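Notes to accompany the following structure.
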Amino acid sequence: MEIKIGCCGFARGKRNYFKKFKVVEIQQTFYKPPPSDYARQWKLDAPNEFEFTVKAWQLITHTPKSPTYRRAEIVVKREEEDKLGSFKPTKEVFSAWEEILKICEILDSKVIVFQCPASLKPTNENINNMKIFFSTIDRAGLMLVWEPRGNWPEYVIKDICHDFKLTHCVDPFKDNSQTTKTAYFRLHGSPPGKKMYNYRYSKKDLKDLYEICSGFDKVYCMFNNFYMYENALEFLEMVSDGL
């Protein structure tokens, strides 16, 4: 079993982060892809063998109604409003993919994460859009990871991941992975009954997490709670010490 442990973002700053971890999930690409020079600098600053996983640009997954567009200061022309998000097979969405692909090439990334909003429902239209999108894009050998949110039945998730060759992204304390062998966990600080993000995982939680990981050949454990740095470091030390 191979466990890759890191954070969703450079917790405690890049310089310190590079000393502690070997993988990071880049958040900035979700809001707006950075200039190529920024990505090249990240790659130059990182140690050898350091891995970057990348979040797909929101123009692919989220419609302009999402508040994350305003946060990124993205202004959408009225005639383009119906052409963005929800994996729509439009020129605009495929162009957004090409922009993300450029960043992945610079960072030598092997993994890209499609985080979807809860507003993306398991309708026939959305599923058909996904089918066209994932069968059309140049995958460039990437592992494509899909994080559905909202009420998606498990059998639908399992079928989509199988049919479109995706890895299911899930918070393992909330749901079960619907893909096997390789797992991608985003830990939002939300064990059952606990408030999302501001929960700090206990040692017992981390031991339970290790048991969940043991069912896979390869696992990415990316912490995304307020205590992500502390929890990721503690889990890394526990795994390194054999628990």
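Scan segment 67-93 residue by residue and report those that are of a type in the set (D, E, K, R) and part of a helix (DSSP H, G or I). Show your work before the answer.
Residues of segment 67-93 of a type in the set (D, E, K, R): 70-71, 73, 77-83, 88, 91-92.
Once the filter is applied, which keeps residues that are of a type in the set (D, E, K, R) and part of a helix (DSSP H, G or I), segment 67-93 yields 70, 71, 78, 79, 80, 81, 82, 83, 91, 92.
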In segment 150-170, the residues that are part of a loop (DSSP other than H, G, I, E, B) and within 24 Å of residue 104 (Cα to Cα): 165, 166
Members of segment 107-124 that are outside any loop (DSSP other than H, G, I, E, B) and surrounded by 18 or more Cβ atoms within 10 Å (Cβ to Cβ): 107, 111, 112, 113, 114, 115
Out of 94, 30, 21, sole residue that is in contact (Cβ under 8 Å) with a residue 24 or more places away in the chain, among the aromatic types (Phe, Trp, Tyr), surrounded by 13 or more Cβ atoms within 10 Å (Cβ to Cβ) and out of contact with any strand residue (DSSP E or B) (no Cβ under 6 Å at 6 or more places or on another chain): 94
Lone unmet requirement of (1) under 16 Å from the mean Cα position of the chain (by Cα); (2) of a type outside the set (D, E, K, R); (3) modelled with pLDDT of 95 or more for residue 188: (3)
All helices (runs of 4 or more DSSP H) inside segment 12-66 with 1 or more residues being modelled with pLDDT of 95 or more and of a type in the set (A, V, I, L, M): 36-45, 58-61
Segment 170-223, subset out of contact with any His (no Cβ under 8 Å at 6 or more places or on another chain) and aromatic (Phe, Trp, Tyr), residue surrounded by the fewest Cβ atoms within 10 Å (Cβ to Cβ): 210
Residue count for segment 145-170, restricted to those that are at pLDDT 95 or above and under 15 Å from residue 126 (Cα atoms): 12
Single condition residue 127 does not satisfy, out of (1) touching a residue at least 24 places away in the same chain (Cβ under 8 Å); (2) under 23 Å from residue 23 (Cα atoms); (3) surrounded by 13 or more Cβ atoms within 10 Å (Cβ to Cβ): (2)
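The values are calculated or read from the model by the stated rules, or taken from the named source; none is laboratory data. Just so we're clear, the structure is a prediction, and the values are computed from it rather than from any experiment. Virtual Cβ from ideal backbone geometry, glycine too; neighbours counted across all protein chains shown.
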